[in-house]
1. Taking Rh as the Kirkwood radius, which is the inverse of the mean 1/r over Cα pairs, what is the Rg/Rh value for region 133-276?
2. Find, among the trypsin sites (Lys or Arg not before Pro) in region 110-164, those assigned to loop by DSSP (not H, G, I, E, B) with at most 11 other beta-carbon atoms within 10 angstrom.
3. When the chain is treated as a GNM, springs tying every alpha-carbon pair under 10 Å, which of Gly254, Gly172, Gly96 comes out with the largest mean-square fluctuation?
4. What does the net charge come to around Leu273 if you take all other residues with beta carbon closer than 13 Å to its beta carbon, with K and R at +1 and D and E at -1?
5. Taking a cut-off of 13 Å, what percent of all Cα-Cα pairs in region 213-276 are separated by more than that?
6. How large is the Kirkwood hydrodynamic radius of region 47-145, counting all unique pairs of alpha carbons, in Å?
7. Any chance you could check the Cα centroid distance between region 51-73 and region 163-194 for me, in angstrom?
8. Given contacts defined as C-alpha pairs under 8 Å and at least six residues apart, what's the relative contact order of the chain, whole-number percent?
Amino acid sequence: MSTKCYFNGKFTDIDNVKINPYDLGFLRGYAVFDVMRTVNGKVFLLKEHWDRFVNSANQLNLKIPVSQDEFQGIVEKLIEDNGLNEINIRTVLTGGVSNNAFTLEGNETFLVTTEVFRLPHEDVFKNGAKVITEEYKRFIPTAKIASYIAAIRLQDEKNKSGSIEIVYTDKGKVLEASTSNLFIIKDGKIITTNKGVLFGTTRNLVVDLAKKNSFEVEERQVKMDEMLNADEVFLTATNKNIIPVIKIDDREVGNGGVGEITKRLMEIFDEFLKNY
Ligand code: PMP
């Protein structure tokens with residue numbers, strides 16, 4: 001059975017989607033996107049994702065052809081039609097067809113697709129994961145721009161090293177990972193950057209949950225040597241929840257095991273999901 005999607009105003013099978021070769025998304029990578037998930041069969045953090053999508057679109061001068069309410073209706077119908085349990089909902093907005101292959105002509109392409117939602121293997125939650133680092137800063141980092149060239153080019157290296165993520169660094173500062181945000185913990189303080197990154201919906205939720213549970217949280221620039229000397233490090237993302245990091249390149253984090261504060265935050269996060 002083919003999967004249903006929403007493409008330029010209509011629900012259709014994904015096999016019927018035709019992208020014009022002069023679409024600026026295809027041709028120039030001129031596009032934004034966002035990925036949500038369901039939790040207990042319900043869309044998770046729709047408002048937060050929508051606000052970020054609007055912000056991404058605005059930064060590229062793209063007009064979203066539907067309202068938030070219409071978007072919610074589209075997503076709910078896709079959840080129902082696909083009949084899957086937990087899914088990812090991927091929303092893409094491109095510059096659309098351009099006759100001179102350059103100028104925005106106001107006919108944005110808008111596509112909403114779904115995929116089965118899968119978390120990484122349970123081992124990484126229990127025993128922690130390895131990451132590699134790369135000197136790289138995403139273009140317009142606060143927008144979720146479709147171009148993930150650095151991430152895709154490094155997939156082979158990441159996989160060969162047995163890593164779960166690529167952590168981007170910029171002149172001695174730690175930014176984010178290829179599809180996640182990064183937190184460090186030092187002397188009981190939970191620290192994550194607030195500059196030069198995409199504000200992850202999971203990141204923002206973890207900051208809130210940590211504060212509500214009386215942890216001290218700092219949102220500020222994080223230096224590379226702070227990350228390398230942290231007691232604990234973890235990643236957050238829609239497709240990861242919270243994943244403890246135990247190795248960065250060839251260096252162990254803290255005592256090389258999953259830290260106690262990370263474990264506690266994972267429990268708090270799981271509880272939040274259970275009750276959503
Ligand atoms: N940074 C980047 C570059 C990402 O692609 C993602 C995944 N959307 C994140 C951070 C984490 O965002 P979220 O928690 O909303 O999935």
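Nothing in this text is a laboratory measurement; each read-out follows from the coordinates by a stated rule. Because the structure is a prediction, the values reported are computed rather than measured. Because the Cβ atoms are built from the backbone with ideal geometry, glycine has one as well, and the counts that use them run over all protein chains shown.
1. Details: Rg = 14.4 Å, Rh = 15.3 Å.
With Rg and the Kirkwood Rh in hand, the quotient comes to 0.94.
2. Details: sites: Arg118, Lys126, Lys130, Lys137, Arg138, Lys144, Arg153, Lys158, Lys160; in loops: Arg118, Lys137, Arg138, Lys144.
Those satisfying the criteria are Arg118.
3. Highest fluctuation of the listed residues: Gly172.
4. 0
5. On the way: 1374 of 2016 pairs.
Summing the P(r) tail past 13 Å for region 213-276 gives 68 percent.
6. So the Kirkwood estimate lands at 16.4 Å.
7. A separation of 28 Å, based on Cα centres.
8. Values: 539 pairs, mean separation 48.1, N = 276.
Relative contact order comes out at 17 percent.
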